[in-house]
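Only one structure is covered here, and it is reproduced in the block below.
Here, each number is a calculation from the coordinates, and none is a lab measurement. Fair warning: this is a prediction, and the values are worked out from it, not measured in the lab. Heads up, the Cβs are rebuilt from the backbone with ideal geometry, glycines too, and the neighbour counts pull from every protein chain shown.
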Amino acid sequence: MDKKVVLITGACGQLGRALCTAYNNAGATVIATDTHATAQNLPAGVHYSAMDVTNKEDVLHCFSTVADAHGALDVLINNAGVSCFESFEERPESSIDWVMNVNLKGTLLCIQTYVNLFDEKKYAQGSIVNIASMYGIISPDPCIYTDCPRKNSEIYGATKAGVIQMTRYFAVHLASRHIRVNAVSPGGILNPENPQGTDFQKNYAARCPMGRMALQEEITGGVLFLSSPAASYITGHNLVIDGGMSCW
Ligand SMILES: NC(=O)c1ccc[n+]([C@@H]2O[C@H](COP(=O)([O-])OP(=O)(O)OC[C@H]3O[C@@H](n4cnc5c(N)ncnc54)[C@H](O)[C@@H]3O)[C@@H](O)[C@H]2O)c1
């Protein structure tokens, strides 16, 4: 990824920061973006630009500033994603709108802006990786959630299924422009800074063939691979990284 310009959305969160570190270590020029006015806990050497993926003006401004400043935009990682955790019966309309806006509309706006910029600047080739989720292909097992009020929501899974489908759509429609589009669907990622409950971890481990949650570094490798020249003939793929959880 040496000298490749990589834009990552939702970059101040757990996976976003790990992706910034991975691309930084791989020699890329990393443009981290998130809703915060200033960068939060990002590795040294990473550039930061505030961008709300649901706001088209913000997205247009950020992408064109990056392209002007760095002369290229080789890779787009659509990582920004949110979920809501009320019970389904009590879910307010605002939660449904929020999750759909960030996960689906945000991903779509970033892809649209990337493609238009690509045409305008006549870039030769590009790559997009959308971060979906294992819960875009299987339902969460309710038995896992015994020690926390947070349940994995139906709207989250529905939007992630949408992201996987959008990946296939754009893989087909952008292939002639030499833009590859792939998805990575992680299973549950252990958060060392804000660990999930011990019951949850235990239940998850019991349900997962590999007997544990993922480490964030076990997800970033797949994203790096799909965006790199090593995956030059791979497009429309959804790489599930879940320790075998979705196999049964
Ligand atoms: N953590 C997991 O176990 C897990 C599992 C599967 C998939 N994922 C997916 O991985 C991605 C990253 O998740 P994470 O665990 O790092 O979550 P996180 O909550 O730590 O980070 C998400 C980041 O997205 C940012 N964000 C929210 N709304 C935004 C907006 N409108 N515009 C721009 N940025 C916005 C947040 O500020 C935050 O920094 C998400 O798409 C998530 O659905 C995570």
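In what sequence do 90, 218 fall when counting other Cβ within 10 Å, fewest first? Each step should come with its number before you reach the end.
Numbers: 90 7, 218 18.
In order of increasing Cβ crowding within 10 Å: 90, 218.
Output the pairs from 4/105; 105/151; 3/202 with a Cα-Cα distance over 32 Å in this structure; if there are none, say none. Result: 3/202 exceed 32 Å. Across region 49-55, coupling constants 3J(HN,Hα) worked out from phi with the 6.51/-1.76/1.60 Karplus curve, θ = phi - 60°, read 9, 6, 7, 8, 5, 8, 10 Hz, and Gly and Pro carry x.
Order the peptides 116-123, 208-215 from the highest to the lowest mean number of other Cβ atoms within 10 Å of their residues. Please list the in-between numbers first.
Values: 116-123: 13.5, 208-215: 15.4.
Descending mean neighbour count gives 208-215, 116-123.
Look at 99, 115 and count the other Cβ atoms within 10 Å of each Cβ; fewest to most, that gives 115, 99. Taking other C-beta atoms within 10 angstrom as a stand-in for reagent exposure, 4, 160 fall in the order 4, 160, fewest first. If you run the Gaussian network model on the chain, springs between alpha carbon atoms under 10 Å, then out of 50, 80, 124 the most flexible one is 124.
Averaging Cα coordinates gives a centre for region 9-30 and one for region 197-248; these two points are 17 Å apart.
If you bin all the Cα-Cα distances of the chain at 5 Å, starting from zero, the percentages per bin are 1, 6, 14, 18, 21, 17, 12, 7, 3, 1, 0. Membrane-span-like helices in the chain (whole DSSP H runs, Cα extent of at least 15 Å along the helix axis, mean Kyte-Doolittle hydropathy of at least 1.0): none found. Considering only 106, 221, 188, the Gaussian network model of the chain with Cα springs below 10 Å gives its largest mean-square fluctuation to 221. The length gained by stretching the chain between residue 190 and residue 44 to full extension, at 0.36 nm per residue less their Cα-Cα distance, is 50.2 nm. Charged side chains reduced to their Cβ positions (Lys and Arg at +1, Asp and Glu at -1) give region 53-196 a dipole of some 600 debye around its Cα centre.
Basic side chains Lys and Arg get +1 at the Cβ, acidic Asp and Glu get -1 at the Cβ, and with that the dipole of region 1-94 about its Cα centre reaches some 480 debye.
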